[in-house]
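Only one structure is covered here, and it is reproduced in the block below.
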Amino acid sequence: MASEKVETVVAGNYVEMEREEGDSKSAKNKLSNLFWHGGSVYDAWFSCASNQAHFLHFVAQVLLTLPYSFSQLGMLSGILFQLFYGLMGSWTAYLISLLYVEYRTRKEREKVDFRNHVIQWFEVLDGLLGKHWRNIGLFFNCTFLLFGSVIQLIACASNIYYINDNLDKRTWTYIFGACCATTVFIPSFHNYRVWSFLGLMMTSYTAWYLTIASLLHGQIDGVKHSGPNKMVLYFTGATNILYTFGGHAVTVEIMHAMWKPQKFKMIYLIATLYVLTLTLPSASAVYWAFGDLLLTHSNALSLLPRSGFRDTAVILMLIHQFITFGFACTPLYFVWEKFIGVHETKSLFKRALARLPVVIPIWFLAIIFPFFGPINSTVGSLLVSFTVYIIPSLAHMITFAPSSARENAVERPPSFLGGWAGMYSINIFVVVWVLIVGFGFGGWASMLNFIQQINTFGLFTKCYQCPHKD
């Protein structure tokens, strides 16, 4: 009876969602819904799996840099860290979804209407814990997504250089900055249906290309697998994988884009499991074939011989980086719209025009700091550790600390976790582990690496790590 009651409360009154879903069934809107205006469980799964695999990484594709992390960690540690952080990332995404449902249910009991309003993570923190938590969440989330967008822009220039090196990477950054600016015209995550599907297909193609191409290539002469060798490299690699499974900074926005957000519960875990079927074989195969050579080649594509299949992978990654730029920027657009007071306007053109100031600093930062590897690692340790691991765990524990909050919780912990005591134990472990290993050791290693890049290449470098052109 209790579970039925909870389900009724959760699903009971998403009025605007149900109305929109009903309207979407008319013949007039079917084509639009297929390609543009999605909000189903499948759309959320596509968004999570697509976003999870390509959210923020060394060259904006975790698939292409995980072999590099394996060379730092060694095969065994690389596999274990992927499984461990994949599970941990799914856990904190689950916590965020619980807090979202709790917040939304409380507000809808107060007759709050979210018809023209996209709920964001900082608003969930504000509603449940107050303005100080809102400000902390807003700072970490926005900074994380800002640099995530910067990394995607840098990655576009880095990848296209593998196909066309007639222009330097900085010039390519100018070009792709203009292309990515067109995401201001995409209103919300409802409108990423076809993009999410295509992104998932692109991820799958590239992963299996890396796996098959590496196996067919075979091991290079005198291949060595000596990792781990240095503590700095070990914790840099571990932080990269922590970052890999920290792509749920947009979990709340994706949930809000679902017609029935209560069905989100297990979607992120399933998406993560699918991503692991792509990342584990590809990273293992490339590391098996090239070994320690990857320590000086962070992008796995640079070691594979040029072919039509490789060029296809590069082009698909470029398209996906455009999609991922939109994923990272959309929450920033929402924050900016709310700040200047145009979020609830129905004019698409007015909202797009208002969003442009968000793109300009991203463009500028990508030109100042073209060090996509060090930026990725630094953001992972200093921002992702708090944004998507520590803050959600602490927020969940504090929200449900009062006995009345636990008794009236919209969703209670599953019995197999050991109830509230089991849930709190897992949360404490996540906070302590990420604080020490992710933020502490990871922050130390990544900052050393970042400072070294600035000292070696300088700011505004024209063509970062270009093999034969300056």
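The values are calculated or read from the model by the stated rules, or taken from the named source; none is laboratory data. As the structure is a prediction and not an experimental result, all values here were calculated from the model. Ideal geometry is used to build each Cβ from the backbone, glycine not excepted, and the neighbour counts take in all protein chains shown. Surface accessibility is based on the protein's heavy atoms, side chains included, excluding ligands, DNA and RNA. Shrake-Rupley method; radii C 1.70, N 1.55, O 1.52, S 1.80 Å.
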As a test question: what accessible area, to the nearest 10 Å², does R106 have when a 1.4 Å probe is rolled over all protein chains in place? 80
Send over the semi-axes of the stretch 64-457's equivalent ellipsoid, whole angstrom and largest first, taken as the square roots of 5 times the C-alpha gyration tensor eigenvalues. 35, 26, 19
Tell me the Kirkwood hydrodynamic radius of the stretch 106-219 in angstroms, computed as one over the mean inverse distance between distinct C-alpha pairs. 18.2
Hey, can you find the accessible area per residue of the stretch 397-459 for me, probe 1.4 Å, expressed in square angstrom? 54
Where H217, H343 fall by accessible area, highest first, once all protein chains stay in place (1.4 Å): H217, H343
From the residues V118, L73, F386, which one has its Cα farthest along the dipole of the stretch 64-457 in the positive direction, the dipole being from +1 and -1 charges on Cβ of Lys/Arg and Asp/Glu about the Cα centre? V118
Among all lysine pairs in the stretch 64-457 that are eight or more places apart or on different chains, how many have alpha carbons less than 21 angstrom apart? 10
Excluding ligands and nucleic acids, what accessible area in Å² is computed for I315 using a 1.4 Å probe, to the nearest 10? 90
Just going by the charge dipole of the stretch 64-457, with Lys and Arg at +1 and Asp and Glu at -1 on Cβ, which of L269, I323, A405 is farthest out on the positive end? A405
Ellipsoid semi-axes in whole angstrom, largest first, where each is sqrt(5λ) of the Cα gyration tensor of the stretch 316-470: 37, 27, 13
Reported to the nearest 10 Å², Y389 has, with a 1.4 Å probe, an accessible area equal to 0
Radius of gyration, Dmax [the stretch 310-373; alpha carbons; angstrom]: 14.7, 46
So between L87 and T456, what do we pick up on full extension, going 0.36 nm a residue minus the alpha carbon distance? 129.1 nm
So F114 and E407, fully extended at 0.36 nm per residue minus their Cα-Cα distance, gain in nm 102.9 nm
Can you tell which of T456, W363, Y100 lies farthest toward the positive end of the dipole of the stretch 64-457, using +1 and -1 charges on the Cβ of basic and acidic side chains (Lys, Arg; Asp, Glu)? Y100
Rounded to the nearest percent, how much of the accessible area of the stretch 64-457 (1.4 Å probe, protein heavy atoms only) is carbon and sulfur? 69
Please state, as a whole number in µm²/s, the translational diffusion coefficient that the Stokes-Einstein equation yields for the stretch 101-169 at 10 °C and 1.306 mPa s, with Rh defined as the Kirkwood radius across alpha carbon pairs. 106
